[in-house]
Every structure is written in structure tokens, then in C-alpha cells.
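One structure is given here, and the rest of the page talks about it.
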Amino acid sequence: MKRAIRFKETQKFTQWWLWLIILAPIILAFFNLLGIILYVFSGYTSGDSGNVSVSWVSGSVSIIQFIGFLIYVATILFIALSKLKVLVSDKDIKIHHLLFFSKVIDFNEVVEKQIVNYNFVGYGIRKTKKYGTVYNVKGGEGVAITLINGEKYLIGSQKAEQLLKSLSK
């Protein structure tokens, strides 16, 4: 039997300042490359040989630089592909976060739920004393859930009121 979907939300990392920080090295490298190209093609000739040595063409890349570049590209891809998906059906709450993490919370286990406005607690999955496990991609509003066993969860949402209403039986 198919479950009735009460609420569905997908959030991504779309903050302009976050992407500016992440992409700053690429932007700086582009302007550096543009400066080198303008310098080379501006008609400059060196005194004796007539050749201009451009180290970025003739230089070699160390293994450390290559690994750093791979980590940088992997970070960009990871953030670009990461999502927070919240799906509330008539039986449970499903939370999918960061490409690979999944959590299912049964309605029968929930004893308390409320909308909270929280200060910045970080992005991704976080453990905090006040809210328990936090799932956050952006914003400062979400729904705090407390389970029968005392576990706490905070689901960041851009539609916190709709999420809270969907959790009511």
C-alpha cells in the first residue's frame, strides 16, 4: 500500500556568500590567468632572447598541489550535489541529507514538536546540546522534535509551519 505524502521539501546550498567563498580561488586564478595573457600578448619582448618565460606553462605540478586541487574539486561537487530532503508521510518522517545519509522517524515515537528560530548552528548534520541532531542547509528556522526515548532532532526548513502542520495527526 502506498503511503500518503503530507509534506515534501528539498533544500540546496544556494547562499550566494557561501558560493563566493568556495569559488574565490577559481575567480582569483581566472584574473591571474587573464593578467598573464594580457602581459604576454601586450607586445612585451625581453631584452636578449625575445622570449617570455611563462612559468605556469613550463612549470610542473607537485603531487601535493594535485591532491589539493582534487580535494577542492571534490568539495565543490559535494556541496553542489548535496541536498536536504524531508518527506512526511502518514506513518513517518524521512530525512535524506548530503547524498548518503538517511533517517526515518516513526510518528509513534514523537512526543513533542515545535517551530524554533535558532542561531546559526552550522550546515550539514550537527550534534548540539540544545537541539540534539540538527539537519540544516540554510536559514535559521525549523521544527524541533523530541522522541519518547529522549532523543532530539531539529529539521531546518524554509517551510517550517507547513512541516509542523504535516506532523499533526
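You will find that of Ser62, Ser42, Ser58, the residue that is modelled with pLDDT under 70, farther than 30 Å from Asp92 by Cβ, surrounded by fewer than 10 Cβ atoms within 10 Å (Cβ to Cβ) and not charged (D, E, K, R) is Ser58 and no other.
For the range 150-169, filtering for residues that are touching a Phe, Trp or Tyr at 6+ places or on another chain (Cβ under 7 Å) and in a helix (DSSP H, G or I) leaves 3. Any chance the range 97-112 includes a residue that's within 19 Å of the chain's Cα centre (by Cα), within 29 Å of Ala24 (Cβ to Cβ) and surrounded by fewer than 11 Cβ atoms within 10 Å (Cβ to Cβ)? Looking for residues that are within 19 Å of the chain's Cα centre (by Cα), within 29 Å of Ala24 (Cβ to Cβ) and surrounded by fewer than 11 Cβ atoms within 10 Å (Cβ to Cβ), one finds at least one in the range 97-112, hence yes. Residues in the range 98-139 that are in contact with a Gly (Cβ under 8 Å, 6 or more places away or on another chain) and in a loop (DSSP other than H, G, I, E, B): Leu98, Tyr118, Asn119, Phe120, Val137, Lys138, Gly139. Every test in (1) touching a residue at least 40 places away in the same chain (Cβ under 8 Å); (2) out of contact with any Leu (no Cβ under 6 Å at 6 or more places or on another chain) is passed by Lys127 save one, and that test is (1).
In this structure, Tyr135 qualifies as surrounded by 17 or more Cβ atoms within 10 Å (Cβ to Cβ), closer than 16 Å to Phe13 by Cβ and not β-branched (Val, Ile, Thr).
With respect to Asn149, determine if the residue is surrounded by fewer than 17 Cβ atoms within 10 Å (Cβ to Cβ), closer than 16 Å to Val104 by Cα and modelled with pLDDT of 85 or more. Answer is yes for this residue. Do you know which of the residues in the range 69-91 that are farther than 17 Å from Lys12 by Cα and in contact (Cβ under 8 Å) with a residue 24 or more places away in the chain is surrounded by the fewest Cβ atoms within 10 Å (Cβ to Cβ)? Only one residue tops the list, namely Asp90. Filtering the range 147-158 to residues that are of a type outside the set (A, V, I, L, M) and closer than 14 Å to Lys129 by Cβ leaves Gly150, Glu151, Lys152, Tyr153. In the range 20-43, the residues that are farther than 26 Å from Phe78 by Cα reach residues that are surrounded by 11 or more Cβ atoms within 10 Å (Cβ to Cβ) with C-beta atoms within less than 9 angstrom, at least six apart or across chains, in these pairs: Ile36/Val54; Tyr39/Val52; Tyr39/Val54; Val40/Val52; Val40/Val54.
The values are calculated or read from the model by the stated rules, or taken from the named source; none is laboratory data. Everything numeric here is computed off the predicted structure, so don't read it as measured data. Don't worry about glycine lacking a Cβ; one is built from the backbone with ideal geometry, like all the others, and counts go over all protein chains shown.
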